[in-house]
1. Between residue 76 and residue 15, what FRET efficiency comes out of the Förster formula 1/(1 + (r/R0)^6) with R0 = 35 Å and r the beta carbon distance, rounded to 0.05?
2. Determine the order of 28, 34, 117 by accessible area, beginning with the largest, at a probe radius of 1.4 Å.
3. Using 1/(1 + (r/R0)^6) with R0 = 25 angstrom and r between the beta carbons of residue 157 and residue 22, what's the FRET efficiency to the nearest 0.05?
4. Full-extension gain between residue 91 and residue 64, please, as 0.36 nm times their residue separation minus the C-alpha to C-alpha distance.
5. Give the longest segment of the chain that steers clear of trypsin sites (Lys or Arg not before Pro) in DSSP loops with at most 12 neighbouring Cβ atoms within 10 Å, not counting the sites themselves.
6. How much accessible area does residue 32 have with a 1.4 Å probe, in Å² rounded to the nearest 10?
7. Is the chain rounded, prolate or oblate when judged by the Cα gyration tensor, a ≥ b ≥ c being the square roots of its eigenvalues, rounded requiring a/c under 1.5 and prolate requiring a/b larger than b/c?
8. Using heavy-atom solvent-accessible surface (probe 1.4 Å) with all chains present, what is the largest-first order of 16, 170?
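The values are calculated or read from the model by the stated rules, or taken from the named source; none is laboratory data. Since this is a predicted model, take the numbers as computed values, not measurements. Cβ placement follows ideal geometry from the backbone for every residue including glycine, while neighbour counts extend to all protein chains displayed. Accessible surface areas use protein heavy atoms only, side chains included; no ligands, DNA or RNA. Shrake-Rupley method; radii C 1.70, N 1.55, O 1.52, S 1.80 Å.
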Amino acid sequence: MQNEELPVPVEVDRYTGKWSVDGLPMVLVPQHLLVNNMDAVEQRLGRDESALLFRDAGRRSAFHWCAHESARLGLSGAAIVRHYLDRLSRRGWGRFEIDTLDPSRGALSVRVRHSALLPVDGSSRSVDRACYLFEAWFEGALQYASGEPGIAPVHEDRCGVNADECRFTTDGPGRCHDKQRRP
Ligand SMILES: [Zn+2]
């Protein structure tokens with residue numbers, strides 16, 4: 001695929017070489033590097049502690065992205081979450097399909113095919129529910145879209161590690177105000 005046919009508009013600074021998409025800096029990372037880094041943390045801490053470690057950073061980053069795009073495009077509520085998942089799909093993180101979305105109730109159900117967080121050839125990574133980073137990202141997007149300080153906890157209840165796709169859901173209406181809760 002030629003550069004002009006990419007699903008997102010990539011700009012490259014001629015002087016610094018830095019990439020950006022939609023005005024935000026980006027880096028192109030080999031998938032095996034990402035997966036091997038996650039594996040290294042999980043080997044040291046275990047899956048649950050790794051998920052906890054990255055949770056706040058993931059939420060903050062998704063919130064920041066949504067705020068940036070909201071200011072740029074004037075999107076809000078469910079529309080900003082839909083845009084977020086569309087962009088994740090276009091940037092190669094997987095194919096995201098929304099089944100349920102109501103930020104005002106903290107309701108979300110998303111299926112992901114071809115998740116970029118699944119183990120890749122040459123990786124020794126071996127965890128169930130391998131895509132927990134997305135849980136935090138969805139929480140941050142929901143938090144931004146709802147305008148509420150509380151967080152609707154998102155869980156990956158089925159993963160492509162041992163199924164044909166990943167599925168993420170919220171617990172239903174209700175919010176968690178404890179940012180340090182365990183995933
Ligand atoms: Zn998964």
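1. Taking R0 as 35 Å, the efficiency between residue 15 and residue 76 is 0.50.
2. I get 28, 34, 117, largest accessible area first.
3. Result of the calculation: an efficiency of 0.20.
4. 8.0 nm
5. 19-178
6. Ignoring ligands and nucleic acids, residue 32 comes out at about 100 Å².
7. Oblate is the answer for the chain, as a/c is 1.5 or above yet b/c matches or exceeds a/b.
8. 16, 170
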